[in-house]
Amino acid sequence: MEFTTFLWTTFAAFLTLAVFSFLYKDNPMYKFAEHLFVGVSAGYFVIILWHGALVPNLFKKLADGDWYLLWLNASEWWYFVPFILGVMMFARFFKKSSWISRWPLAMYIGISTGLAIPLEMANRVNRQLWAMMEPINWSSFWGERYLDIGSGYSELLIFVGTIAALVYFFFSKAHTGAFGAVAKFGIWTLMLGFGASFGFTVMARISLFINRIQFLDINWGQAAFDASGTANENYHAGFQALFWAVWLIFLVYAVFEFKKYLNSKDKPSQPESTQA
Amino acid sequence: MNFFSKLMQLDRRWVYLLLVIVCLSAYYADFTVPTIVENETKAIYDFIEALEPGEIIFVAVDYDPSSQAELHPMTYALVEHAFRKDLKVIFTALSQNGPGMVDQALRDLTDSLKLPKTYNGIFYEGKEIVNGVDYTFLGYKPYYAIVITAMGQDYRILFPSDYYGTPLDSIPMMKRVHNYDDISLLVDISSGSITDAWISYGQGKFDFPLALGLTGVMTAQYYPFLQSKQIMGLMGGLLGAAQYEHLADNPGLAKDGMRVQLPAHLLIILFIIIGNVGYLVTRYRERKI
């Protein structure tokens, strides 16, 4: 790893630790990382949009000849229409002429709606309804393994669970007797669904943390101390200095916070919020 | 104040600290956890395994760095598997910060593929993957629903040139490739609502085999599409990535991460039980008073 690459890796490690420091409490290092992330994301997006969309899909189409002639010399001059529509959007910045921006917006919303309604209806409603109404697979009721998708048991459970969940949301009849029992099964079905989502969410959050551990260990820590020359041909003595410098920053901050905590203990009238 | 009342007022930072200790201990401990492969992940692996060399798969990398922890291992395992099998890959990134993800994955995979390796008992020579011959990266365009629909007619409508500025017609592998009819499989690896668009505007309209790789948070809500056969396979979160790595016999960050997931989950389950017991006991005592 080159020294400059390691410098950036160290900066990424610092930002990682800065973000994690929020778990203790909000602090300037976290604020710095947060603002930097938002700023870099916005800047990166603007550049990607300019070079990836506007230049190849609009300006190049309008600039077959000289740039100053623009659409006058372009073979695909009709691209001037979306160009004008795009410019009209900026009218929002001026109070008196802000109504002009409604035209391109209306066109965009009209196209999106026309595209969305039939496809969404067909693929997110009808196809799901058909899947629900397919005959139960009795020939492979238990499936090859536990609760296989496509097994009869699974299909039956989905069918009964869906009907029961719909019954739970049917409020025109009191949830008592057999109707109440079905509604109760419906709420259990919903809870199973929420539980599955929660379990996956926990896995997702832990995954993010694991990834950061892997980054700090493999990409940063191991690179800093890899003096063997086998994996790190460009090993530099400054690697370790940078590594320890980052930890020193957080150590100083921890000491500062600990002293603040001790001082606050001496003054019980001013308790500090402990909520991260 | 009794034990349970104290428990209910426990500073959440103790929970974080304990979780960090457990995760770090598990990370540095030397043990393995078995990987049980689910049918929905195996379906994707088997599909790619059955493709002939030269066939084209489309990989939509629709995630930002914030989701790379879960989705990057999927991209790495799946694309490396495809390249080792001499398949050609078209990439897009319809998420704002996605191009960087593809760029990084391609750089790492180019290095990895240069090394000879043996997977599932089959030896693969190291090879150089070449832009335009083995893969094409189309890049990013805004308004994914319209992009997905337009690509059903011709990729060239919105992508006259690839991400690196080369006109599509001068890219060797794209010469006879125009739209979804020319691909064998589309894999959407996604962390957001772009997946809905691939299902409705892509698969629903143009009827191509679609597989999904999703973040854990999203996974549960996309199982109905598996049931309705709108998607042919599904990889959910780090677990899905670990399963694919296991199938491809190419253990990476996901399989390594599952070692940490196990004790972390056990700890969270323990917290849930303790929290509920504390809540119920406290409520019971308050009622008595």
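The values are calculated or read from the model by the stated rules, or taken from the named source; none is laboratory data. What you see is a predicted model; the values in this text were computed from it and never measured. Counting neighbours? That spans all protein chains shown, and the Cβs are built from the backbone with ideal geometry, glycine included.
Structure values in brief
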quantity: Search result, residues across the range A:38-62 that are within 9 Å of another protein chain (Cβ to nearest Cβ) and out of contact with any Leu (no Cβ under 7 Å at 6 or more places or on another chain); calculated: A:Ser41, A:Tyr44, A:Phe45, A:Ile48, A:Leu49, A:His51, A:Gly52, A:Ala53, A:Pro56, A:Lys60, A:Lys61
quantity: Hey, B:Gly165 more than 19 Å from the chain's Cα centre (by Cα), free of Cβ contacts under 8 Å to residues at least 24 places away in the same chain and within 14 Å of another protein chain (Cβ to nearest Cβ) or not; calculated: yes
quantity: Residues that are away from chain A (no Cβ under 14 Å) and of a type outside the set (Asp, Glu), drawn from the range B:45-75; calculated: B:Tyr45, B:Phe47, B:Ile48, B:Ala50, B:Leu51, B:Pro53, B:Gly54, B:Ile56, B:Ile57, B:Phe58, B:Val59, B:Ala60
quantity: Candidates A:Ile163, A:Ile149, A:Ile117 - the one that is part of a helix (DSSP H, G or I) and within 11 Å of another protein chain (Cβ to nearest Cβ); calculated: A:Ile117
quantity: Selection status of B:Leu238, in contact with a Ser or Thr (Cβ under 9 Å, 6 or more places away or on another chain), assigned to a strand (DSSP E or B) and either within 20 Å of A:Met203 (Cβ to Cβ) or of a type in the set (Lys, Arg) (or both); calculated: no
quantity: Pick from the range A:125-146, criterion among the aliphatic types (A, V, I, L, M) and not in a loop (DSSP other than H, G, I, E, B), ranking: nearest to the other protein chains (Cβ to nearest Cβ); calculated: A:Ala131
quantity: Identity of the residue in the range B:4-34, closer than 21 Å to A:Ile218 by Cβ and among the hydroxyl-bearing types (Ser, Thr, Tyr), that ends up farthest from the other protein chains (Cβ to nearest Cβ); calculated: B:Thr32
quantity: Residue that is nearest to the chain's Cα centre (by Cα), among those in the range A:26-67 that are at pLDDT below 90 and in a loop (DSSP other than H, G, I, E, B); calculated: A:Ala63
quantity: Cβ-Cβ under 6 Å pairs, at least 6 apart or on other chains, the range A:208-221 side at the interface with another protein chain (Cβ under 9 Å from one of its Cβ atoms), far side buried (at least 16 other Cβ atoms within 10 Å of the Cβ) and hydroxyl-bearing (Ser, Thr, Tyr); calculated: A:Arg212/A:Thr16; A:Ile213/B:Tyr27
quantity: The range B:218-235 - residue that is assigned to a helix (DSSP H, G or I) and among the polar types (S, T, N, Q) and, of those, farthest from the other protein chains (Cβ to nearest Cβ); calculated: B:Gln221
quantity: Qualifying residues in the range B:76-117 (those that are closer than 18 Å to B:Tyr244 by Cβ and of a type in the set (Ser, Thr, Tyr)) - the one farthest from the other protein chains (Cβ to nearest Cβ); calculated: B:Ser112
quantity: Residue within the range B:155-178 that is within 21 Å of B:Met101 (Cα to Cα) and among the charged types (D, E, K, R) present; calculated: yes
